[in-house]
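Sharing a structure below in structure tokens format, with a few things to ask.
The values are calculated or read from the model by the stated rules, or taken from the named source; none is laboratory data. In this text, all values refer to a predicted model and were calculated from it rather than measured experimentally. So basically every Cβ, Gly included, is an ideal-geometry build from the backbone, and we count neighbours across all protein chains shown. Accessible surface areas use protein heavy atoms only, side chains included; no ligands, DNA or RNA. Shrake-Rupley method; radii C 1.70, N 1.55, O 1.52, S 1.80 Å.
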Amino acid sequence: MTLLLPLQGDVTQVADAVSAVWVLTVSFLIFFMQPGFALLEAGQVRAKNAGNVVMKNMTDWSMGVIVFFLAGAGISTIAAALTASGTSLDIAGAFAYIDEPSGWVSWLFGAVFAMTAATIVSGAVAERMKFSAYVVYAVAMTAVIYPVIAGFAWGGGLLSADGFLGAAIGVGYKDFAGATVVHALGGIAGLTAAYVVGPRRGRYDSKGKAQPIPGHSVLFAVIGTLILAFGWYGFNVGTQGVLSDGQFMGEALGRVALNTTLAMGAGMLASSLVSYYIEGKPDPLFAANGLLAGLVAITGACAHVTWWGGILIGLIGGAQTPLVYRWVVDNLKIDDVCGVFAVHGSAGFIGTMLIPFFDVAGFSTAQLVMQVAGSVVIAGWTVLTTLVVMYALKYTIGVRVSDEEEELGLDLGEHGLATYPEFTADSGSSPITDGGDVRTDGGDVRTDGGEDE
């Protein structure tokens, strides 16, 4: 007797189901970066502001996904249509995904990228920005600022091969998983917002020299870093699986996984060595930030470059982290609390512009021109729109808490609670903010008697 075991559905249906599960799994993995950001940022602020930082992180996600669903994803499609040749504008069609269940899984995959870009900003403006103003800016980020760039680069718009700029240069912009579209955009938005809000009280002395403001937990920051590194495999390796039409194995997937891993290791080592050279001792916060910078730098390049190119990009991304951080704080006089520009901004731009030099397809002058031009477009759009929103907020509801509230701490002032109530005096004074020999946000100065950098 012959036993027949017919397939329950055709091969295409099975492949579509597997692909959908893969995309959902990747999306969940990227979502897990949210607690990583929360721990990283909370660890680098004082105890009296830790609750405010994690509240902003929760708001980024909770409010952001709704805004991106109702507006952001559609605006991304519109931005692409307006900046590409041969594409007609269909506003109703741009928002058709709202009522199309078949597109909801893909929407979620796009949403977790958008939320990552929004979350980065909170680390730059921590400890002094009004919660209400931050919420309004987060709406602008998830509704317009990020979606337009995503449409330009990934939606077939301005920076794609068929977009106005891409067609003029002859090639499309290469950013595989968001080194600039997500991370550099968030980093430069954070830098711009921090400039408008101004530095924390006591950050600079009367001569303009940066003073240490220690974060309360290096442990939180490092654990958050490792959670982010884990989620990054969703960013990079997950994206390769999605783009390869269900072919999850093979050389392409292996290249992305290898380059991601090598670059994060190289970034951590390079940042540690540079901080050791500058300070005479290895700095765990700069090591953590260098690891993340290596990941950011390779995110746009991981599918395109050789393995040795991956190592070099990671090394460069990590090495520049303490140098750019000091330049921002000491020269630009911008109080970027968590060093988001050095980690996400400059690392993202540098890594993406280095792609043509290590590309497995060989060096291309046209590609280099496109990488530089695309980075300028992304930076210009982000700075301009952030300035517009931030100055509009500054002259309406205000962007900064009062001096008294900043001294008290934003946990009590903005939310009416103490994150660490056991360290809060019965009189209602602010929580203890110094962490003994804990280093500052990004490694400014020691508080245990060590010398300035």
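Quick one: is Cys302 outside any helix (DSSP H, G or I), more than 21 Å from Gln211 (Cα to Cα) and either open to solvent by less than 50 Å² (accessible area, probe 1.4 Å) or modelled with pLDDT under 95 (or both)? It would help to see each step written out before you state the result.
Details: outside any helix (DSSP H, G or I): yes; more than 21 Å from Gln211 (Cα to Cα): yes; either open to solvent by less than 50 Å² (accessible area, probe 1.4 Å) or modelled with pLDDT under 95 (or both): yes.
The answer is yes for Cys302.
Moving to a separate point now. Do we have any residue at all in the stretch 216-233 that's over 15 Å from Leu40 (Cα atoms) and surrounded by fewer than 24 Cβ atoms within 10 Å (Cβ to Cβ)? Steps first, please.
Taking the stretch 216-233 as the starting set, the residues that turn out to be over 15 Å from Leu40 (Cα atoms) are 233.
Going one step further and asking which of them are surrounded by fewer than 24 Cβ atoms within 10 Å (Cβ to Cβ), we end up with 233.
The answer is yes, given that some residue of the stretch 216-233 is over 15 Å from Leu40 (Cα atoms) and surrounded by fewer than 24 Cβ atoms within 10 Å (Cβ to Cβ).
May I pose another question? Yes or no: the stretch 52-73 includes at least one residue that is open to solvent by less than 30 Å² (accessible area, probe 1.4 Å) and in contact with a His (Cβ under 9 Å, 6 or more places away or on another chain).
So far as the stretch 52-73 goes, yes, one or more of its residues are open to solvent by less than 30 Å² (accessible area, probe 1.4 Å) and in contact with a His (Cβ under 9 Å, 6 or more places away or on another chain).
I'd like the full set of residues that are under 23 Å from the mean Cα position of the chain (by Cα) and touching a residue at least 40 places away in the same chain (Cβ under 8 Å), limited to the stretch 366-381.
Within the stretch 366-381, Met370, Gln371, Ala373, Gly374, Ser375, Val377, Ile378, Ala379, Trp381 meet the criteria.
Suppose we filter Ala168, Ala161, Ala143, Ala117 for residues that are modelled with pLDDT of 95 or more, in a helix (DSSP H, G or I) and within 17 Å of Val372 (Cα to Cα); which single one remains? So that I can check it myself, show each step before the final result.
On the way: Ala161 fails: in a helix (DSSP H, G or I); Ala143 fails: within 17 Å of Val372 (Cα to Cα); Ala117 fails: within 17 Å of Val372 (Cα to Cα).
The match here is Ala168.
Something else now. Of everything in the stretch 88-121 that's open to solvent by 70 Å² or more (accessible area, probe 1.4 Å) and either touching a helix residue (DSSP H, G or I) at 6+ places or on another chain (Cβ under 6 Å) or polar (S, T, N, Q) (or both), which residue is farthest from Ala42 (Cα to Cα)?
We begin by selecting, within the stretch 88-121, every residue open to solvent by 70 Å² or more (accessible area, probe 1.4 Å); these are 88-92, 99-102, 104, 106.
Subset that is either touching a helix residue (DSSP H, G or I) at 6+ places or on another chain (Cβ under 6 Å) or polar (S, T, N, Q) (or both): 88-89, 102, 106.
Details: Ser88: 46, Leu89: 43, Ser102: 38, Ser106: 31 Å.
Of everything passing the filter in the stretch 88-121, Ser88 is farthest from Ala42 (Cα to Cα).
In addition: Within the stretch 371-397, how many residues turn out to be in a helix (DSSP H, G or I), open to solvent by 40 Å² or more (accessible area, probe 1.4 Å) and either closer than 22 Å to Met129 by Cα or at pLDDT below 95 (or both)?
7
Can you name the residue in the stretch 171-195 that is outside any helix (DSSP H, G or I) and small (Gly, Ala, Ser) and is also surrounded by the fewest Cβ atoms within 10 Å (Cβ to Cβ) among such residues?
Filtering the stretch 171-195 down to residues outside any helix (DSSP H, G or I) leaves 171-178.
Those still in the list that are small (Gly, Ala, Ser) too: 172, 177-178.
On the way: Gly172: 19, Ala177: 28, Gly178: 28.
Top of the filtered list is Gly172.
Next question, about the same structure. Which numbered condition in (1) within 24 Å of the chain's Cα centre (by Cα); (2) at pLDDT below 95 is the only one that Ala266 fails?
All conditions pass for Ala266, except number (2).
Suppose we keep only residues that are of a type in the set (A, V, I, L, M) and crowded, with 24+ Cβ neighbours inside 10 Å within the stretch 330-365. Which one would you say is farthest from the chain's Cα centre (by Cα)? Working first, answer last.
In the first step, residues of the stretch 330-365 are kept if they are of a type in the set (A, V, I, L, M); the result is 332, 334, 337, 340, 342-343, 347, 350, 353-355, 360-361.
With the extra rule that they be crowded, with 24+ Cβ neighbours inside 10 Å, the set shrinks to 337, 340, 342-343, 347, 355.
Numbers: Val337: 15, Val340: 8, Ala342: 11, Val343: 9, Ala347: 11, Ile355: 19 Å.
Taking the candidates together, the pick is Ile355.
Name the pairs whose Cβ atoms lie under 8 Å apart, with the first residue in the stretch 80-97 and over 18 Å from Ala150 (Cβ atoms) and at pLDDT below 95, the second in a loop (DSSP other than H, G, I, E, B) and open to solvent by 90 Å² or more (accessible area, probe 1.4 Å), and 6 or more positions between them or separate chains?
Filtered contacts from the stretch 80-97: Ser85/Asp162; Gly86/Asp162.
Out of the residues in the stretch 74-87 that are open to solvent by 60 Å² or more (accessible area, probe 1.4 Å) and part of a helix (DSSP H, G or I), state the one that is nearest to Gly163 (Cα to Cα).
Leu82
A further question follows. For the stretch 89-139, enumerate the residues that are aromatic (Phe, Trp, Tyr) and under 30 Å from Val337 (Cα atoms).
Phe109, Phe113, Phe131, Tyr134, Tyr137
Check off (1) at pLDDT below 95; (2) part of a loop (DSSP other than H, G, I, E, B) for Asn236 and give me the number that stays unchecked.
(2)
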